[in-house]
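Student: Sharing a structure, written as structure tokens. Questions coming.
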């Protein structure tokens, strides 16, 4: 509500049409000079504003943190926003940056500024705090400006906080991923070193066993020479593959070649001794270094159910006698020597190269090292050679297992240098 002084002045100014049809707007230069003097311009036609209220406006202008100016005009002096801008733009140009609270009559209140953008927000807050009292509304302009500035600063702070949180989350994710990758790389490197060492021992063992044949290829028949050449070629292939593997899963390529070499070495020995060539069977389950199995035996792992596994003659005799084979293939896991088939998923490629997936399903299902099976199935491991070419029959049962023709040529092992 208007104070008594402003209300009387507005009414007095509004009821003078007998003297003039319109109220003439003040001169911009006059407004600028007054504002530069004390920050308050009151149109001369308004002569009933109490000194206390004018003093309140001057005090508000003087105490504001930012420049604040007040302009009070009579009713109908300004009849449009364009007219108001035409009046105030020269004023603001002369006086300078700041907030200009303009009151034109009892209803028209505007906040203008050449440098502050959100003057409408300032106007709304001033109107709310003024509570309908025009002097209080004008006085509230500095506080309203501060509220808008604080709100903007808070919004900016919130934005920066959110951006900081996003950045920190992003950095955290990057570090987490990097750390996981580092740990995964370390784990793979450790597994590769362990399983490569295991395969290396098997390769060396095969080379030594083949060398002990002491065969004169010029003095044997073609079948013996062919099997011997295949044994040597498989050994050479195992050595070559061992030098090129970069992932633990690739070790099955080595053990697949070793399985070939073991069989053809056994076939060669049988031919040299005049014995029947054994059927192509999978390696001895308890230690693939023993070579091809001779029969399937029923065996149960500790705490597990019985199952049929292939065994060499020595291991088969032990199992059939109620004993556990002595020469089980052991590997070191966390400082302990354990059977390879109970060493976890890292050794599944090693076993898979020897036995293939079909036999692994029968031998290992339900054992404590079931995690090995899960890993193998996840790899989609095929039987025999990783390319899927295992032989003519595709299983380790009776009949020709295959294994590939390594050529008919002979040659020296070259001392089995490793």
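Student: Given a Förster distance of 25 Å, report the FRET efficiency between residue 51 and residue 128 from their Cβ-Cβ distance, rounded to the nearest 0.05.
Tutor: Calculated value: 0.35.
Student: Given a Förster radius of 22 Å and the C-beta distance between residue 314 and residue 197 as r, what FRET efficiency does 1/(1 + (r/R0)^6) yield to the nearest 0.05?
Tutor: Rounded to the nearest 0.05, the efficiency is 0.30.
Student: First check a/c for region 60-102, with a ≥ b ≥ c the square roots of the eigenvalues of its C-alpha gyration tensor; if it is under 1.5, answer rounded, and if not, answer prolate when a/b is larger than b/c or oblate otherwise.
Tutor: oblate
Student: Let me ask you something else. Hey, what did region 259-316 get for relative contact order, percent, Cα under 8 Å, at least 6 apart?
Tutor: After rounding, I find 29 percent.
Student: Shifting gears a bit: Spin-label point model (7 Å from Cα, Cβ direction): what's the residue 171 to residue 217 distance in nm?
Tutor: It works out to 6.6 nm between the two label points.
Student: Can you tell me the FRET efficiency between residue 163 and residue 118 if r is taken as the Cβ-Cβ distance and R0 is 30 Å, rounded to the nearest 0.05?
Tutor: 0.85
Student: Along Cα→Cβ, 7 Å out, is where each label goes; now give me the distance between the ones at residue 295 and residue 337 in nm to one decimal.
Tutor: Placing both labels 7 Å beyond Cα along the Cβ direction yields 2.9 nm.
Student: Considering Cα pairs under 8 angstrom that are at least six residues apart, work out the relative contact order of region 54-201 and quote it in whole percent. Let's see the in-between values first.
Tutor: Numbers: 126 pairs, mean separation 25.6, N = 148.
With pairs under 8 Å counted, the relative contact order is 17 percent.
Student: If each residue of separation counts as 0.36 nm, what is the full-extension length gain between residue 190 and residue 154 once their alpha-carbon separation is subtracted?
Tutor: 7.7 nm
Readers should treat all values here as calculations from the given coordinates under stated rules, not as data from a laboratory. None of the values given here were measured: they were computed from a predicted structure. Please note: Cβ atoms are built from the backbone with ideal geometry, for glycine as well, and neighbour counts cover all protein chains shown.
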